[in-house]
Structures are given as structure tokens and as C-alpha cells.
Amino acid sequence: MTELAEKLAAKHTRREIEEMAEKLGITTVGISKLKMAEAVTEARKKAPVIEKPRVKVAKAAVRPVRSTAKSGVFALQADMANMAADMESFASDLCASAMEMQKKGIMEMQKGINAQIKENEKGAAKMESGVREMHKGIAQMQADIDKKGMEIQKGVMEMHRGIEEIQNSYKEFQNETMEYINDFYYG
């Protein structure tokens, strides 16, 4: 027992022995390398031996019996074998046609999905260009509104100047009229 453990300890590193011990459910904290190796060898002896699965040997295919008998057991056996062979070929043909139909259906569905994806991509591109046009229109409208606002402000300023000029002219006229009246009466 100790010889196997010593060989195991000599052959493997501490980390490898720790991994083996952890796989077997052995705690490795505070144990020397040799003690771990002994515990691993003991656990391996107690563990049940797992047989490897054997390779399956291919069996010879059963050939349908072709009998020339016209009555009796051999004739019935031949009829059953022929019927089984016919049913087997029908089943394989049916399975193949079903698989082919399924493949066609899947291909058509995939084509439909791809067409829908392309259509969605085109629609998204059109929406994106429409949004861009909308943004351009909004920006243009904002610029036009700003321009008209500036023109209105200029017009209001011109109106204020005109009003001031009218007021000044009126005051001058009033002053001149007062001077004329004063000159006329006091004159």
C-alpha cells in the first residue's frame, strides 16, 4: 500500500494529487503530499470498478427468405418476409418524402423570413430618411420663423422711430404755434 502511495507521490506534483483527492472527495487542507497519496490510493481501492462500454459488433443484416414453396409454413414465411420488406420500403419512402416536404417547408419559411427582414430594412431606411427630411423641414421652418421675427422686430423699431419723429414734429409744431400766438398777441 505504501509503495503505491510513494510511487504516486513521486510521479505527480502536489497540485495533481490534490486534484485527484478532490475528485474522490478527500479533504486536502493541512495534509502532506505522501498522506494525500495514501488517501487517494485507499479511496481508489474502495471505489467500484467501472467497466468501459464495449464496442458494439455489427450484426449481419437479415435477408428476406425467398422460398419457392407454394403452400405450407415456408410459403407463409416467404409471404410474411415479402410483406415485411414491402412495408419497410414503403416506410422508408414515406419517411424520405416527409423529410423532403419538411425541408421544402423550412426553406420556404426561411425565404419568407429573409424577405420580411429585407422589407423591414427598407422600411427602416425610408423611415430614417423621412425623419431626416422632417428634421430639415423643422430646421428650415425655425430659420424662417427666426427671420420673420427679426423682420417684425425691425418693423417695430422703425415704427417707434416714426412715432418719436411724429412726436418731435408735433412738439416742434406746437412750440412754433405757441410762439406764433405769443408773437401775434404780444407782439
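Coordinate-derived values only; no laboratory data. Everything numeric here is computed off the predicted structure, so don't read it as measured data. So basically every Cβ, Gly included, is an ideal-geometry build from the backbone, and we count neighbours across all protein chains shown.
Anything in the range 153-187 that is in a helix (DSSP H, G or I) and loosely packed, with under 10 Cβ neighbours inside 10 Å? List them, or say none. Please lay out each step first, then the result.
Restricting attention to the range 153-187, the residues satisfying the condition of being in a helix (DSSP H, G or I) are 153-186.
Answer for the range 153-187, where residues must be in a helix (DSSP H, G or I) and loosely packed, with under 10 Cβ neighbours inside 10 Å: Asp183, Phe184, Tyr185, Tyr186.
Out of the residues in the range 10-40 meeting the condition of being in a helix (DSSP H, G or I) and loosely packed, with under 11 Cβ neighbours inside 10 Å, tell me which one is nearest to the chain's Cα centre (by Cα). Before you say what the answer is, go through the steps one by one.
Step one: filter the range 10-40 for residues in a helix (DSSP H, G or I), giving 10-11, 14-23, 33-40.
Right, trim to loosely packed, with under 11 Cβ neighbours inside 10 Å and you get 10-11, 15, 23.
Numbers: Ala10: 52, Lys11: 49, Arg15: 41, Lys23: 38 Å.
That would be Lys23.
Could you say which residue among Ile113, Ile138, Ile117 is more than 26 Å from the chain's Cα centre (by Cα), hydrophobic (A, V, I, L, M, F, W, C) and in a helix (DSSP H, G or I)? Lay out the reasoning, then the answer.
On the way: Ile113 fails: more than 26 Å from the chain's Cα centre (by Cα); Ile117 fails: more than 26 Å from the chain's Cα centre (by Cα).
Of the residues listed, the single one that is more than 26 Å from the chain's Cα centre (by Cα), hydrophobic (A, V, I, L, M, F, W, C) and in a helix (DSSP H, G or I) is Ile138.
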